[in-house]
Amino acid sequence: MMLCPLRLQPLLQALLVQQQAAGAAISLAISDSHGELLHFTRMAGASLHSGELARNKAYTAARDRQATRDLGAWSRSSGRTLNYWSDARFTGFAGGVPIWQQGTVVAAIGISGLSEEEDHQLAEQLASALHDLLTTEESA
């Protein structure tokens, strides 16, 4: 199933309003299952670098089919660098999470601008909400 960015707007808007109210400025990327960008937002005050990281986190989570936090942990524990994949866009910074639907990755989220743990938690929350949205639409 392909995510349509227009269907996601109310959910994404609510997340951005929540972050703004908390005084946070994030970058948010959503990619398809191949890591190709579907949606990108960089809030006012978010660094340019956070935008690049958010896109790369979504890309990595989609391509590697796992949270970027887990990939980073694997890299550190195995002693292998992320160059192992021969893909300069891969990142092990937390904040990238795949969205699974019926055993298949259908999209991925990348969040950057907060601490790594906060990026990961926010990406997990959004991935869960998007999964629920897809499940609801699929059963309708």
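Read the figures in this text as sums done on the coordinates, not as results from a lab. Model, not experiment: these values are computed from the prediction. FYI the Cβ positions are ideal-geometry reconstructions off the backbone, even for glycines, and counts take in every protein chain you see.
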For the range 93-117, enumerate the residues that are over 9 Å from LYS57 (Cβ atoms) and either in contact (Cβ under 8 Å) with a residue 12 or more places away in the chain or crowded, with 17+ Cβ neighbours inside 10 Å (or both). PRO98, ILE99, TRP100, GLN101, THR104, VAL105, VAL106, ALA107, GLY113, LEU114, GLU116, GLU117
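Starting from residues that are hydrophobic (A, V, I, L, M, F, W, C) and more than 14 Å from the chain's Cα centre (by Cα), keep the ones in the range 76-92 and report whichever is surrounded by the fewest Cβ atoms within 10 Å (Cβ to Cβ).
ALA88
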I need every pair where a residue in the range 41-65 that is at positive phi and assigned to a loop (DSSP other than H, G, I, E, B) has its Cβ under 7 Å from the Cβ of a residue that is of a type outside the set (Gly, Ala, Ser) and buried (at least 24 other Cβ atoms within 10 Å of the Cβ), sequence separation at least 6 or different chains. ARG65/PRO98
For the range 72-92, give me the residue count where each residue is in contact (Cβ under 8 Å) with a residue 24 or more places away in the chain and outside any loop (DSSP other than H, G, I, E, B). 0
Residues within the range 22-75 that are over 14 Å from the mean Cα position of the chain (by Cα) and within 16 Å of VAL105 (Cβ to Cβ), tallied: 0
